[in-house]
Amino acid sequence: MFGKKDPKKQIRAQQRELTHAQRDIDRDQRALQRQELQIQNDIKKAAKAGDRQTATILAKQLVNIRKQKARMMGMKGQIGAVKNKTTVMQSNMKMAQTMKNTAGVMGAMNKQMNPQEMSKVMQDFERENAKMDMTGEIMEDTLDSALAESGDEEESDLIMNKVLDEIGIEIGGKMSAAPSAGSSSLAGPSSSRGQKAPTDADIEAQLARLANL
């Protein structure tokens with residue numbers, strides 16, 4: 001009850017009072033306007049009647065009414081200027097409050113942010129990132145090496161299979177003309193009797209042809 005009044009409420013109350021005063025002035029001006037018209041008509045009537053004294057008194061009243069109207073117009077202008085100032089003051093107070101709140105938020109953020117800790121975090125990140133890059137390169141090199149060796153072995157096996165297939169096909173072709181025996185084509189001397197076995201020169205020739213493929 002006896003605490004400090006809210007400035008915002010005070011400004012709003014002052015603006016309401018100023019607005020009420022402006023309305024009162026407007027109402028008084030309308031009343032003076034009616035009186036002015038009435039006096040002008042009375043002056044015209046007195047002049048037509050030749051009543052100079054009455055016309056003079058009414059003329060003085062008319063002058064006073066017009067002076068009062070001018071004073072009220074000036075007062076209305078001053079009240080409007082004061083009202084505008086209170087509006088500007090209220091706007092400045094809002095801006096100041098906004099800046100205060102923003103400063104509080106920034107202060108809280110600055111307290112939470114430790115530059116040294118942030119620097120350490122960034123250094124740790126860069127170090128771990130470098131480690132990850134090195135690990136990835138090592139893994140890629142290892143996989144490339146493993147895949148390369150596997151490919152060489154597969155290529156060697158393919159060449160060997162071709163060699164054996166050609167030798168086997170040649171041997172099979174030569175053995176197909178021989179009389180069939182109960183044993184396998186590679187059973188023994190009795191099964192290959194009468195046939196000419198491939199010589200070392202024949203095998204080397206086959207290998208040379210494969211090498212030129």
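The values are calculated or read from the model by the stated rules, or taken from the named source; none is laboratory data. All values derive from a computational prediction rather than experimental measurement. Glycine gets a Cβ as well: all are built from the backbone with ideal geometry, and neighbour counts include every protein chain shown. When the accessible area is computed, the model is the full protein with side chains, heavy atoms only, and any ligands, DNA or RNA have been set aside. Shrake-Rupley method; radii C 1.70, N 1.55, O 1.52, S 1.80 Å.
Only residues that are over 26 Å from A96 (Cβ atoms) and either open to solvent by 100 Å² or more (accessible area, probe 1.4 Å) or not in a helix (DSSP H, G or I) (or both): list them for segment 1-37, please.
Selection gives M1, H20, R23, R27, R30, R34.
Scan segment 48-62 for residues that are of a type outside the set (G, A, S), open to solvent by less than 70 Å² (accessible area, probe 1.4 Å) and assigned to a helix (DSSP H, G or I) and report the count.
4
Inspect all residues belonging to segment 114-125 and state whether any of them is surrounded by 11 or more Cβ atoms within 10 Å (Cβ to Cβ) and under 30 Å from D28 (Cβ atoms).
Looking for residues that are surrounded by 11 or more Cβ atoms within 10 Å (Cβ to Cβ) and under 30 Å from D28 (Cβ atoms), one finds none in segment 114-125, hence no.
Within the group M99, M75, M93, M106, which residue is aliphatic (A, V, I, L, M) and in contact with a Pro (Cβ under 9 Å, 6 or more places away or on another chain)?
It is M93.
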